[in-house]
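Undergrad: Have a look at the structure that comes next, please.
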Amino acid sequence: MNITIRPFEGIRVAVPIGFSYKEAERVVQSNINWIRKRQARIKQARQKYDSLLKKSTEIDTSMAKRVLIERLDKLSQLNGFSYKKVFIRNQKTRWGSCSAINNISLNVKLLLLPEELRDYVILHELVHTKIKNHSAKFWRELDKYVGDAKRKQSNLNEYGLLLI
């Protein structure tokens, strides 16, 4: 069973085949404290990032492309990375991604993040040009470029509401 809490969408409970409604209800009730904590965090984040949420609809895409590609090029050259193509998109679930053939996609909403986190996302994807997973080796490699990658990932997660 999977319980998902999404801002603006509410709570979603995915129940596998064979689970009864009563069983699902029992699992939800046993997780009610976790659900309430998540809802409170989402409410806080919505209040904290309300002005950024409004700005997210006003991003100049051509300017975002120019700024993000320029920074990607600079960070890749400084750190000895290469990539095939870059795509700048308005994605709803990811800050960035790296394909199997080293094409990098970056989210225009990266412009809403503090510069340190923007660079973190770009370097995260650049490290994926060499290591295609999130293994311990990947995180050690990323730490070489960003220092304390796990903390930065945690900080980035606080801005997840902006992706919607």
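Throughout, read-outs are computed from the coordinates displayed, never taken from laboratory work. Being a predicted model, the structure only gives us computed values, none of them experimental. Positions of Cβ are generated from backbone atoms using ideal geometry, with glycine treated the same way; all protein chains shown enter the neighbour counts.
Undergrad: Could you count how many residues in the stretch 86-137 are charged (D, E, K, R) and without any contact (Cβ under 8 Å) to a residue 24 or more places away in the chain?
TA: Summing the residues that are charged (D, E, K, R) and without any contact (Cβ under 8 Å) to a residue 24 or more places away in the chain in the stretch 86-137 gives 3.
Undergrad: Given the conditions (1) surrounded by fewer than 20 Cβ atoms within 10 Å (Cβ to Cβ); (2) touching a helix residue (DSSP H, G or I) at 6+ places or on another chain (Cβ under 9 Å); (3) within 23 Å of K150 (Cβ to Cβ), which single one is not true for H134?
TA: (2)
Undergrad: If you don't mind, there's one more thing I want to ask. For the stretch 92-109, enumerate the residues that are closer than 12 Å to L72 by Cα and of a type in the set (A, V, I, L, M).
TA: I104, L106
Undergrad: Based on this model, can you work out whether Y83 counts as part of a helix (DSSP H, G or I), of a type in the set (F, W, Y) and touching a residue at least 12 places away in the same chain (Cβ under 8 Å)?
TA: So Y83 fails the test.
Undergrad: Would you say G96 is small (G, A, S) and within 23 Å of E158 (Cα to Cα)?
TA: Taking the combined requirement at face value, the residue satisfies it.
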